[in-house]
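So the structure is just underneath, and the comments pick up after that.
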Amino acid sequence: MDVLLVLLRLLHIVSAFAWVGLSVAVTFYVAPAALKAGESGLRFLKTLLTRTNFGSIFAIVSGLTTLAGILLYLFGNSMAHFSQTGNIVLGIGAVAGLLATIHGGAVVGRSTRALGTALVQQVPETGPIASDVQRTLTDLAATLLGHARLSMVLMVIALVCMGSARYL
Ligand code: HEM
């Protein structure tokens, strides 16, 4: 049982690390740069969303983090090896993590798919993109970035709470 818990905890921490790392890179660097790059930024986003597994990797790492976290909660007996304050802080982190998963799936995931569809329909393989189309697509991407930032804040709350709970 202990080996299973150690593996579950490892899976939880590694997938949480990947989820937060990907989100930081996209929210603070990739998406803002694509938005600033105008037409070529939209072409880049089209390639990213339609020719890589960018959309599904977030679902995979957030799903693994949350599933492993819930199983750790149910079977990890963290109540026994965390202080009362540590368990309260762990609980706050778990709520923030669950909210990040729900918001990520229901809002960020849906906005990502909507942007991907719009980019496929409105960005031609070659030739210029009309300026009104550019504006609409840039607004869609900016809205997605706004949602991603909220998920990011929830994930950082989860990371800080969970990373500190054992020392409280
Ligand atoms: C963005 C989301 C999350 C991040 C970044 C995250 C991160 C972490 C980290 C770094 C630890 C290790 C702490 C340590 O050993 O000192 C941890 C432990 C833990 N996490 Fe999460 N977590 C997230 C979401 C969740 C969720 C949604 C749940 C449950 C609903 C959860 C339940 C737990 C539990 C129970 C532990 C303690 C395991 C033990 O007994 O040692 N986590 N988490």
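The values are calculated or read from the model by the stated rules, or taken from the named source; none is laboratory data. Keep in mind it's a predicted model, so treat the numbers as computed, not measured. Cβ atoms come from the backbone with ideal geometry, glycine included; neighbour counts cover every protein chain shown. The area values use the complete protein model at the heavy-atom level, side chains included, leaving out ligands, DNA and RNA. Shrake-Rupley method; radii C 1.70, N 1.55, O 1.52, S 1.80 Å.
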Legend entry - region 2-167, accessible surface, carbon-and-sulfur percent (1.4 angstrom probe): 72
Inset, instruction - Counting helices only, and only those DSSP H runs with n ≥ 4, report the 222 nm mean residue ellipticity of the chain as the sum of -39,500 (n - 2.57) divided by its residues, in deg cm²/dmol to the nearest 500. - result: -28000 deg cm²/dmol
Legend entry - Of the trypsin sites (Lys or Arg not before Pro) in region 88-168, those whose Cβ has at most 16 other Cβ within 10 Å and which sit in DSSP loop: R166
Inset, instruction - Give the residue from L98, L119, S78 lying farthest towards the positive end of the charge dipole for region 67-168; charges sit on Cβ (+1 for Lys and Arg, -1 for Asp and Glu) and the dipole is referred to the Cα centre. - result: S78
Legend entry - Total formal charge among the other residues, if their Cβ is under 13 angstrom from that of G127, Lys/Arg +1 and Asp/Glu -1: -1
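Once a ≥ b ≥ c are taken as the square roots of the eigenvalues of the Cα gyration tensor of region 66-162, is the result rounded (a/c under 1.5), prolate (a/b larger than b/c) or oblate (a/b not larger than b/c)?
prolate
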Legend entry - For region 2-167, fraction of C-alpha pairs farther apart than 22 Å, in %: 47
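Kirkwood hydrodynamic radius for region 123-168: how many Å is it when counted over pairs of different Cα atoms?
About 13.5 Å for region 123-168.
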Inset, instruction - Grab the Cα-Cα distance for N53 and R149, subtract it from 0.36 nm times how many residues apart they are, and report the gain in nm with one decimal. - result: 32.5 nm
Inset, instruction - Mind grabbing the accessible area of L74 for me, 1.4 Å probe, Å², rounded to tens? - result: 120
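Would you work out if region 30-116 is rounded, prolate or oblate? Take a ≥ b ≥ c from the square roots of the eigenvalues of the alpha-carbon gyration tensor; rounded if a/c is under 1.5, else prolate when a/b is larger than b/c, oblate otherwise.
It comes out prolate by the Cα gyration axes.
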Legend entry - Net dipole in debye of the chain [+1 Lys, Arg Cβ; -1 Asp, Glu Cβ; about Cα centre; nearest 20]: 40
